[in-house]
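Below is one structure; the comments refer to it alone.
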Amino acid sequence: MADTPLVWERPEPPERRAPSPLSRERIVQAALALADAEGLEAVSLRKVAGALDAGPMRLYRYVDTKQELLELMVDSVYGELPEPTGSSWAEVLRSIANGIRDAALRHEWFADLLGGRPHFGPATLAHTERSLAALRAAGIDDVDTMMGVLEALDLYLIGAVRKEITQRRAERATGENEREWQHKTFPYMARMFATGHYPTLEEAVHDARHRSAAEVFELGLGYLLEGMSHHLKL
């Protein structure tokens with residue numbers, strides 16, 4: 001039995017005017033709105049169909065599974081990313097990183113889908129092509145090095161972006177911002193520090209600079225880029 005073509009290669013069914021017109025683009029935009037408002041758990045073909053005032057079975061003419069719908073959603077977000085810029089490879093990587101972070105802050109569910117198997121939608125492929133071309137133009141010509149630095153950046157982004165999104169979700173779930181949560185936990189931490197078992201941690205809590213999420217992201221990214229520069233002698 002022949003393999004079913006991926007959604008990217010399947011022609012879209014002809015648009016039907018009644019009772020409500022559908023297209024993959026309309027389906028994806030409705031799914032994006034649901035995910036942005038309520039998270040990925042709110043996205044199902046049934047709910048998307050309801051948002052479009054269409055029967056769920058009609059959506060199966062355009063999308064076979066929820067996984068295909070998620071792939072389409074991810075590719076739509078990649079289509080929002082700006083073209084990587086910079087005159088040096090480090091500036092290019094910083095541009096890519098900030099583009100991904102900004103997209104995840106607009107679409108928090110996007111962070112949940114970073115990592116795992118590669119995404120192969122046309123916008124995703126175009127972004128990867130532009131990224132590699134920008135690195136080559138900035139002076140990294142070896143293809144293994146280009147892929148290596150992008151993969152290392154990807155690993156950093158998965159951890160850093162997911163952590164930031166998780167903290168934002170925790171604030172909404174508890175109704176407490178970071179300062180309020182710290183105030184609530186301070187008595188317990190004071191008792192633990194009084195035992196004398198955590199002197200270095202106590203110093204860090206009291207004396208270390210408390211950075212914003214954006215500052216933490218830029219600091220970690222800077223460490224990563226400096227490490228790459230040292231290791232690769234670029």
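The table below gives the values:
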read-out: Signed unit charges on C-beta, dipole axis of the chain, positive-most listed residue Trp109, Ala30, His119; value: Ala30
read-out: The range 146-234 - charge dipole about Cα centre, Lys and Arg +1 at Cβ, Asp and Glu -1, debye rounded to 20; value: 220
read-out: Between the range 124-191 and the range 90-123, the Cα center-to-center distance that results, in Å; value: 9
read-out: Angle in degrees between helix 178-194 and the longest Cα principal axis of the chain, rounded to the nearest 10; value: 40
read-out: Dipole moment magnitude, nearest 20 debye, the chain about Cα centre, only Lys, Arg, Asp, Glu C-beta charged; value: 700
read-out: Listed residue (Asn177, Ala137, Val161) projecting farthest to the positive dipole end of the range 133-188, Cβ model; value: Asn177
read-out: Stretch gain in nm, segment Leu6-His230, where the contour uses 0.36 nm per residue and the Cα spacing is subtracted; value: 76.5 nm
read-out: HN-Hα J in Hz across the range 129-145 - Karplus 6.51, -1.76, 1.60, θ = phi - 60°, x for Gly and Pro; value: 4, 5, 5, 5, 5, 5, 5, 5, 5, 8, x, 9, 9, 6, 5, 5, 5
read-out: Counted charge near Arg179, where neighbours are those whose Cβ lies closer than 14 Å (Asp, Glu -1; Lys, Arg +1); value: -2
read-out: Highest to lowest packing among 65-72, 25-32, 193-200, scored as the average C-beta count within 10 Å; value: 25-32, 65-72, 193-200
read-out: Inter-probe distance in nm under a simple model that places probes 7 Å from Cα toward Cβ, at Ile158 and Leu125; value: 2.3
read-out: Per-pair calculated FRET efficiency, R0 = 45 Å: Glu91 and Ala33 via Cβ, rounded to 0.05; value: 0.85
read-out: Value of [θ]222 nm, deg cm²/dmol, for the chain, DSSP H segments ≥ 4, -39500 (n - 2.57) each, nearest 500; value: -21500 deg cm²/dmol
read-out: Thr195-Ala137 pseudo-label distance in nm [points 7 Å out on the Cα-to-Cβ vector]; value: 5.7
read-out: Whole-number accessible area per residue in Å² for the chain, which is evaluated in the context of all protein chains at 1.4 Å; value: 60
read-out: Positive-pole candidate from Trp8, His206, Leu234, dipole of the chain, charges at beta carbon; value: Trp8
read-out: Among 92-103, 107-118, the order from most to least packed when residues are scored by Cβ within 10 Å on average; value: 92-103, 107-118
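The values are calculated or read from the model by the stated rules, or taken from the named source; none is laboratory data. Because the structure is predicted, anything quoted here is derived from the model rather than measured. Reconstructed Cβ throughout: ideal geometry from the backbone, glycine too, with neighbour counts over all protein chains shown. Heads up: the accessible areas ignore ligands, DNA and RNA and are worked out on the full protein's heavy atoms, side chains in. Shrake-Rupley method; radii C 1.70, N 1.55, O 1.52, S 1.80 Å.
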